[in-house]
Structure formats: C-alpha cells, structure tokens
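Worksheet for the structure shown next.
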Amino acid sequence: MKKTLTAHELKQMREKKPEIAVLNVLEPETFAREHIPGSINVPVKHESFATKAEKQVGGKNRPVVVYCASQECDSSPTAAKKLVEAGFTEVYDFEGGMKSWKDAKLPVEGQKDTADTKPSSRG
C-alpha cells in the first residue's frame, strides 16, 4: 500500500520511527547536490531498482519513504509503485520532494551551498 506525506508529516514520522528508510530516487548527481539528511540514493531508473532498494533498506518489511525533486516530478510515484509491486509492505510517497522540504525550511545536505538552511553554530 502506498500513502502520501507532507514535509512536516515526514519530519514527524522520522522522529517517531527512526527505523524508517528515506530513499531519494533521483540520479546520483542530483542527490550529491542536495538531499534530505540521512536519506539513501537509489535511482528509480536503475534496472533493478526494487532489488537495490531492498538491499539498501534492509528488507521489504521496513517502512520506506520515496522522494524526488518536486510535486511535478514523477520519479517518486513511479518508485512507490515499483516498491509496492515488489512486495514492500509500508511505502510512502513524499510527493513534494526536495522543493517542499526546502520550502518548509527543513535541513538539507549536499555539495551545494546550504548555509541558509543549516545552523551557523555547532553545539
């Protein structure tokens, strides 16, 4: 079964269920540029996407959230559908993707300058 999430629902879910796997399903270059902290990159275009995802997350019974660039991007719905068809039991589609994550002013990791989204002091 596939469910959809908002940025704040995803943030809350990660706090309540630290075991949840968050998959960025875009190409590696895009992932390297920016991604949700702690997310794993498994490109949906990879020919054995579901198998690779299963290995990365540790099994089909682990809850999985997939995301891509934005609401307009069709990679995360495609990935969610593939995972459900492959037998994953708990699949969520974070439809808003990186755009809505950043719009919600949530932290971002990557090689791009993200000084405006990270705290300036570490403590």
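Every number here is computed from the coordinates shown, using simple stated rules; none is lab data. What you see is a predicted model, and the numbers here were worked out from it, not measured in a lab. Backbone-built Cβ (ideal geometry, glycine too); neighbour counts: all protein chains shown.
Of all the residues in segment 26-42, those that are free of Cβ contacts under 8 Å to residues at least 40 places away in the same chain and in contact with a helix residue (DSSP H, G or I) (Cβ under 7 Å, 6 or more places away or on another chain) number 3. Scanning segment 24-38 for residues that are under 15 Å from Ala79 (Cα atoms) and touching a strand residue (DSSP E or B) at 6+ places or on another chain (Cβ under 6 Å) gives Asn24, Val25. Only one of the listed residues (Leu10, Leu23) is buried (at least 17 other Cβ atoms within 10 Å of the Cβ), in a helix (DSSP H, G or I) and either touching a residue at least 40 places away in the same chain (Cβ under 8 Å) or among the β-branched types (Val, Ile, Thr) (or both). That residue is Leu10.
Give the number of residues within segment 71-109 that are more than 15 Å from His8 (Cα to Cα) and among the small types (Gly, Ala, Ser). Residues meeting the conditions: 6. Scanning segment 1-50 for residues that are more than 13 Å from the chain's Cα centre (by Cα) and small (Gly, Ala, Ser) turns up Ala32, Ser48, Ala50.
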